[in-house]
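Structure first, commentary second.
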There are 2 protein chains.
Amino acid sequence: MAAPLRLGLAGLGTVGIGVVQIVQKHAALIAARSGREVVISAVSARDRSKNRDADLSGFAWETDPVALARREDVDVFIEVMGGHEGAAKDATEAAIAAGKDVVTANKALLAHHGQELALAAEAKGRVIRFEAAVAGGIPVIKALTEGLAANSITRVMGVMNGTCNYILTRMQDAGLPYDHVFEEARQLGYLEADPNLDVGGIDAGHKLALLASIAFGTQVSFGAVELEGIGKILIDDIRHAADMDYRIKLLGVARMTGRGLEQRMTPCLVPAQSPLGQLQGGTNMVVLDGDSVGQIVLRGPGAGMGPTASAVMGDVVDLARGFRVPTFGVPATTLAAPVAAAVASAAPWYLRMTLVDKPGALAKIATALGEAGISIDRMRQYGHADAYAPVLIVTHKATRDDVNDALARFGATGVLVGEPVALRIEEV
Amino acid sequence: MAAPLRLGLAGLGTVGIGVVQIVQKHAALIAARSGREVVISAVSARDRSKNRDADLSGFAWETDPVALARREDVDVFIEVMGGHEGAAKDATEAAIAAGKDVVTANKALLAHHGQELALAAEAKGRVIRFEAAVAGGIPVIKALTEGLAANSITRVMGVMNGTCNYILTRMQDAGLPYDHVFEEARQLGYLEADPNLDVGGIDAGHKLALLASIAFGTQVSFGAVELEGIGKILIDDIRHAADMDYRIKLLGVARMTGRGLEQRMTPCLVPAQSPLGQLQGGTNMVVLDGDSVGQIVLRGPGAGMGPTASAVMGDVVDLARGFRVPTFGVPATTLAAPVAAAVASAAPWYLRMTLVDKPGALAKIATALGEAGISIDRMRQYGHADAYAPVLIVTHKATRDDVNDALARFGATGVLVGEPVALRIEEV
């Protein structure tokens, strides 16, 4: 049996402790499957005195994760601290410079610095593995880079932020407004310290950018992801969608089109009967389309101690077995600079707005749509309160640009009350 | 770049031609992802003159797959001929003896001879990879052996025969009887030459036995799989199940229990709203439960040229990258001889039977159930034709042995007309 693989674990929060627990509980299982022992040499965290749910007495302690990353007795540096600048980045760079492989759960770090880090690792003959960074316990990066490696991937799609899916399905099930459920989610501890990372779609956008890089062989370009959060979704929208047999999801879609790479993470309507439409609560789902395989759907827990630690340790077992898939599936030197599609592909849209209740108001909106080149599939005024008339429109296929044009024209009519909501209808 | 990886392809049916097409179409993509070229050196099939949908002119031709398996210019032997004895077995053994890695789509071969073949490969430092043998294009073996490698797997469950799921969902959707839909499936070419491989649960049982071996580190033991086909299912059963918000699926379940390994492939009732209950048509689904990750659900095409060839080539890319996971996830020398659980775990049961329409008939059945130690949750007579009374019973939890005991007692009452149907209700 080969020499033990020695881990240096930076970060002793939920995920870090989950890693310790797996290494301790399943030492024999992991050794049997890896062909060698996997041991933790040293750990680091900010506060040594904190009470933690694991026996750390057998591990060396480093206060500085950079020092941990450079230790001679560490083969693989595990970064589960989080944050895309500062200590996480410094320590990851130090580990790579010292010739270690890196396993990380840090989507933000890779979304922002993935290309430079992958190049640096590659120059040392090492890799960065990050299964835990995308869709928690679901082995989606492995499916894309290995299982489906003989496919040209045509689309990657998914619900990758459990908190947003919890909020949207809870709104639907309980008939509660966004603000109420948002507050519930906060109290349940489902939200990041900066909730906009969740409900603004940023966290899910990071994940989508990483999957797009792998799927299409392009450098990560998080900046090119069209991002829209779920904060504008009213319970009315969820009800209208349900009436039309749709569900509203914060949906990520990445496609390579003739016009370039399309990446979006936006609230969309999806058919209620589709696997995505049926996804409840905090569960994640990724849908992969390949030219040979057709469609593969992967579903599982997107966060939490066990699932995330499972993904980290799956990567560790790969490294213990000597498997080093390049960080983004192909050598980072060969990743193409992505050309972002100027306009995402066309789709039907759901438009919901409130108009002043005056004769001709609806006609002005219809005219504005026509001027923007958008034709109407269905349009209805659905009851009104006081002087306001809520209106729901489903369009035929239109691009985001056309819709933006129409929204600008709506504004100029003077009949709008408040902001209209425009949601893409994605035929999954 | 390393030297090309050279394939010998035995079998030029649908899957074989699919492999040729991928190798030819995606040569550059595969080379980029593998770090080396992947080429086909030689092929073999029974009939050279047959018209095939691929250009084979660049490949050497062998009439004998054993000769192909031994060729010096072959690194990986791909077996997509099928059959668990004869040419497929001989050629696979020859390839292993000659020190080649093997990629196969042949579930029957591995279900019957997996252990001896794995040992032989291992003795040569080689592996047998068989992602294509289980659930078609779904990378489930990779998920189990690699992605979830740090988990103790607690259950493997799934719908793994697309033809049976097609028949059952078509019966439900169209309200057509089994015989009619069976004939449709035959005309659509969905059935194996020996249809009992499909509808008798044998094919799916092979797949379950392979997954159980990987999940629980035991030698493949197909003989210990409790097998039951779908031939007895009436449209009435499907309707009763739907009335109770269930669906009938040919469901495979493997669990390691305190009493040993439980493996069954039998028609079961599953909740209509569960991912398994919602699975339509020929699609496959595998549900993996791990102690850290929780539940992962994988869904995709279970058969067909593209999906199966995709899985074969996924294994080839692994080998091109130099990744050799042991055939069943751990060295074959360490696989435990499985202890089959004498009795599968208890569950509620759905019992449907026809009784002679005489006073006291139902009481005799109820008494027989009580004598078998089974208590009744619901029981109803649901209309009758002539002198017959159809009866539906849902029991509280009972073991298969208790149910068999009850069925024997039913027979002794003299009030049964025809064979009763007993289906387990699986709370997925």
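The values are calculated or read from the model by the stated rules, or taken from the named source; none is laboratory data. It should be emphasised that the depicted structure is a prediction, and the values quoted were computed from it without experimental measurement. Neighbour counts are summed over all protein chains in view; Cβ atoms, including those assigned to glycine, are modelled from backbone coordinates with ideal geometry.
Data table
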{"item": "Yes/no for B:Val181 being among the β-branched types (Val, Ile, Thr) and farther than 24 Å from B:Ile393 by Cβ", "result": "yes"}
{"item": "Residue identified as touching a residue at least 24 places away in the same chain (Cβ under 8 Å), under 26 Å from A:Val287 (Cβ atoms), hydroxyl-bearing (Ser, Thr, Tyr) and at the interface with chain A (Cβ under 9 Å from one of its Cβ atoms) among B:Ser274, B:Ser310", "result": "B:Ser310"}
{"item": "B:Val297 vs. criteria part of a strand (DSSP E or B), at the interface with chain A (Cβ under 7 Å from one of its Cβ atoms) and under 27 Å from B:Arg170 (Cα atoms)", "result": "yes"}
{"item": "Whichever residue in the stretch B:27-46 is in a loop (DSSP other than H, G, I, E, B) and free of Cβ contacts under 8 Å to residues at least 60 places away in the same chain and, among such residues, is nearest to the other protein chains (Cβ to nearest Cβ)", "result": "B:Glu37"}
{"item": "Unique residue being in contact (Cβ under 8 Å) with a residue 12 or more places away in the chain, of a type in the set (Val, Ile, Thr) and over 23 Å from B:Leu351 (Cβ atoms) when the list is B:Ile248, B:Ile202, B:Ile167", "result": "B:Ile202"}
{"item": "Count - residues of the stretch B:325-366 that are within 14 Å of chain A (Cβ to nearest Cβ), surrounded by fewer than 20 Cβ atoms within 10 Å (Cβ to Cβ) and either modelled with pLDDT under 90 or in a loop (DSSP other than H, G, I, E, B) (or both)", "result": "1"}
{"item": "Output for the stretch B:130-157, where each listed residue is more than 11 Å from A:Gly314 (Cα to Cα) and part of a loop (DSSP other than H, G, I, E, B)", "result": "B:Phe130, B:Val134, B:Ala135, B:Gly136, B:Gly137, B:Ile138, B:Pro139, B:Ser152"}
{"item": "Tally, over the stretch A:277-294, of residues that are part of a loop (DSSP other than H, G, I, E, B), among the polar types (S, T, N, Q) and either in contact (Cβ under 8 Å) with a residue 60 or more places away in the chain or surrounded by 21 or more Cβ atoms within 10 Å (Cβ to Cβ) (or both)", "result": "2"}
{"item": "Residue selected from the stretch B:159-202 under the condition of a type in the set (Val, Ile, Thr) and touching a helix residue (DSSP H, G or I) at 6+ places or on another chain (Cβ under 8 Å), by the criterion nearest to B:Val225 (Cα to Cα)", "result": "B:Ile202"}
{"item": "Qualifying residue in the stretch B:122-142 (condition: surrounded by fewer than 24 Cβ atoms within 10 Å (Cβ to Cβ) and of a type in the set (Gly, Ala, Ser))", "result": "yes"}
{"item": "Complete set of residues in the stretch A:68-108 that are assigned to a helix (DSSP H, G or I), among the hydrophobic types (A, V, I, L, M, F, W, C) and out of contact with any Leu (no Cβ under 6 Å at 6 or more places or on another chain)", "result": "A:Leu68, A:Ala69, A:Ala87, A:Ala91, A:Ala94, A:Ala95, A:Ile96, A:Ala97, A:Ala108"}
